[in-house]
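See below for the structure under consideration.
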Amino acid sequence: MNELRVTDQKEFARRRKQLMRMMGKGALAILPAATIKFRNRDAEYPYRQDSDFYYLTGFAEADSVAVLAPGREHGEYILFSQERDRTIETWTGRRAGQDGAIEYFGADDAFPINDIDDVLPGLLEQCDRVYYTMGCDPDFDGRVLGWVNHIRQHARGGARTPGEFIALEHHLHDMRLYKSRAEIKCMERAAEVSVAAHKRAMRVCKPGMREYELEAEYLHEFRCNEMQPAYTTIVGGGGNACVLHYTANSAKLRDDDLVLIDAGGECDHYAADITRTFPVNGRFSAAQREVYEIVLAAQMAAIDQVRPGNCWNDPHRAAVRVLTEGMVELGLLKGAVDALIEDESYRRFYMHRTGHWLGMDVHDVGDYKVGGAWRQLEPGMVLTVEPGLYIPAKSKGVRKRYWDIGIRIEDDVLVTKDGCKVLTDGAPKTVADIEAWMAG
Ligand code: GLY
Ligand code: MN
Ligand code: MN
């Protein structure tokens, strides 16, 4: 059974109330838990609860369904979950059961998951709007339609089907975009441990090591702090850093190369997402430093744009300008900076955007545009700022000294009332700080 502090339960109850207020009376929300996924044959992937489900329940068990029915007389929050079973629990661990769902997780009403086919049609019958996210789990979609059809078949007996199906994510994902104090605490903890992991990797890095040996340092730090990686760790030495989603992590780290590491831990379902790039031998070469200083300047310029009132695209715009100016300076691109930005020539060496929302999901939920315009930044939003430059070997027209240099610098940034707070700035990122830390 998952453990929770009382304060946590209050937070989950507050979220359910807020969502139910937006749904209004006569509505019903249905949220299934994440399904267990198999890696191969009998071996399961580690179970990770669905983010929407956990956000509203704090309940980490599989085979559960949460239902919210604002105004329902017999209770607004109904939780279907696995029944207690001593024999099975010997194999798979303790379950909350229905009593636990009510006592520890704040459910108003609780049923065994095996009774859902009998109970849910009755709940659906009493509502006229169903909030449900279609398309995430085709099996569950089918079951929801099955329940609705079941009611339809009994229409002559006076049963009525809900008139409207509404995507749950509009309200829910907007809520998730604004982080509460409790959420920010989790994200700060994820950031703190992930920063420690990056510092640890920088300290132990030596020429001749394999990329996976550095990956192991992150896993050590995460697991020693009750965390898992929030996503697959990327450790790319030399030219591997130019492969954006490189995860083989198998190559030998060479003396004169940089290594790019994109790694973050997950604390109670909240992610950190940090990238640092540093020299394998602890000293930047002149060419590496030239490229690095440009990426760093771009990142600082982008972070400088993170404040309430500015819009989502402002940090990206600032980063693209600094990077493009730098690319011209280094001779990677030729022409006028404005034109190179306008026709997107910079994309040859900077092909991704400067960030994304961050939260329970690494690429977190929330719209980036509202009414066709870039969204304004507001306090409580958390985003990454992660410009980079990627120059593969044999890049035509590029001096050889820049070949196989791939650099990204990524921090997690909270929008505050008067600007922003970088949650991950404990990980060294200036040339001087990195070299000093690695020499230590
Ligand atoms: N680690 C995934 C990303 O940086 O977007
Ligand atoms: Mn990221
Ligand atoms: Mn990342």
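The values are calculated or read from the model by the stated rules, or taken from the named source; none is laboratory data. Owing to the predicted nature of the structure, the values given are computational and were not obtained by experimental measurement. With ideal geometry, Cβ positions are generated from the backbone for all residues, glycine too; neighbour counts draw on all protein chains shown. In case anyone asks, the SASA skips ligands and DNA or RNA and just uses the protein heavy atoms, side chains included. Shrake-Rupley method; radii C 1.70, N 1.55, O 1.52, S 1.80 Å.
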Q: Just name the residue that is farthest from ligand 2 (Cβ to nearest atom) out of those in region 367-386 that are within 18 Å of the chain's Cα centre (by Cα) and open to solvent by 50 Å² or more (accessible area, probe 1.4 Å).
A: 367
Q | Long-range neighbours under 7 Å by Cβ, at least six apart or interchain, first residue open to solvent by 40 Å² or more (accessible area, probe 1.4 Å) within region 337-366, second more than 10 Å from ligand 2 (Cβ to nearest atom) and among the small types (Gly, Ala, Ser) | A | 361/51
Q. Do we find a residue being in contact with a Lys or Arg (Cβ under 7 Å, 6 or more places away or on another chain), without any contact (Cβ under 8 Å) to a residue 24 or more places away in the chain and open to solvent by 20 Å² or more (accessible area, probe 1.4 Å) anywhere in region 65-84?
A. yes
Q: Can you tell me which residue among 404, 412, 418 is touching a helix residue (DSSP H, G or I) at 6+ places or on another chain (Cβ under 8 Å), open to solvent by 20 Å² or more (accessible area, probe 1.4 Å) and either away from ligand 1 (no atom under 16 Å from the Cβ) or at negative phi (or both)?
A: 404
Q. For region 215-231, what are the residues that are within 16 Å of ligand 1 (Cβ to nearest atom) and either closer than 17 Å to residue 276 by Cβ or of a type in the set (Gly, Ala, Ser) (or both)?
A. 215, 218, 219, 222, 229, 230, 231
(Q) Out of 159, 201, I need the residue that is closer than 30 Å to residue 121 by Cβ and surrounded by 14 or more Cβ atoms within 10 Å (Cβ to Cβ). Which one? (A) 159
Q: Just give me the residues in region 351-367 being within 14 Å of ligand 1 (Cβ to nearest atom) and assigned to a loop (DSSP other than H, G, I, E, B), in sequence order.
A: 351, 352, 353, 354, 355, 356, 358, 359, 361, 362, 363, 364
Q. Looking only at region 232-285, which residues are within 16 Å of ligand 1 (Cβ to nearest atom), among the hydroxyl-bearing types (Ser, Thr, Tyr) and not in a strand (DSSP E or B)?
A. 232, 233, 246, 247
Q: Kindly indicate whether any position in region 173-190 is open to solvent by less than 20 Å² (accessible area, probe 1.4 Å) and under 30 Å from residue 284 (Cα atoms).
A: yes
Q.
When the residues of region 244-289 are narrowed to those that are open to solvent by 30 Å² or more (accessible area, probe 1.4 Å), in contact (Cβ under 8 Å) with a residue 60 or more places away in the chain and within 14 Å of ligand 3 (Cβ to nearest atom), which ends up farthest from residue 382 (Cα to Cα)?
A. 244
**Q.** Filtered residue count, region 392-408, keeping only those that are touching a Gly at 6+ places or on another chain (Cβ under 7 Å) and either within 13 Å of ligand 3 (Cβ to nearest atom) or of a type in the set (Val, Ile, Thr) (or both)
**A.** 2
Q) Regarding residue 19, is this residue under 23 Å from the mean Cα position of the chain (by Cα) and hydrophobic (A, V, I, L, M, F, W, C)? A) yes
Q. Scanning for something of a type in the set (Phe, Trp, Tyr), outside any strand (DSSP E or B) and away from ligand 3 (no atom under 14 Å from the Cβ), does region 291-300 turn up at least one residue?
A. yes
**Q.** From the options 92, 35, 57, residue that is exposed (fewer than 15 other Cβ atoms within 10 Å of the Cβ), of a type in the set (S, T, N, Q) and without any contact (Cβ under 8 Å) to a residue 60 or more places away in the chain
**A.** 92
Q: Answer yes or no as to whether residue 386 is in contact with a Lys or Arg (Cβ under 7 Å, 6 or more places away or on another chain), within 16 Å of ligand 3 (Cβ to nearest atom) and at pLDDT 95 or above.
A: yes
Q: Please go through region 189-210 and pick out each residue that is within 16 Å of ligand 1 (Cβ to nearest atom) and over 19 Å from the mean Cα position of the chain (by Cα).
A: 201
Q.
Any residue that is closer than 30 Å to residue 10 by Cβ, touching an Asp or Glu at 6+ places or on another chain (Cβ under 6 Å) and either modelled with pLDDT of 95 or more or not hydroxyl-bearing (Ser, Thr, Tyr) (or both) - is there at least one of those in region 112-125?
A. yes
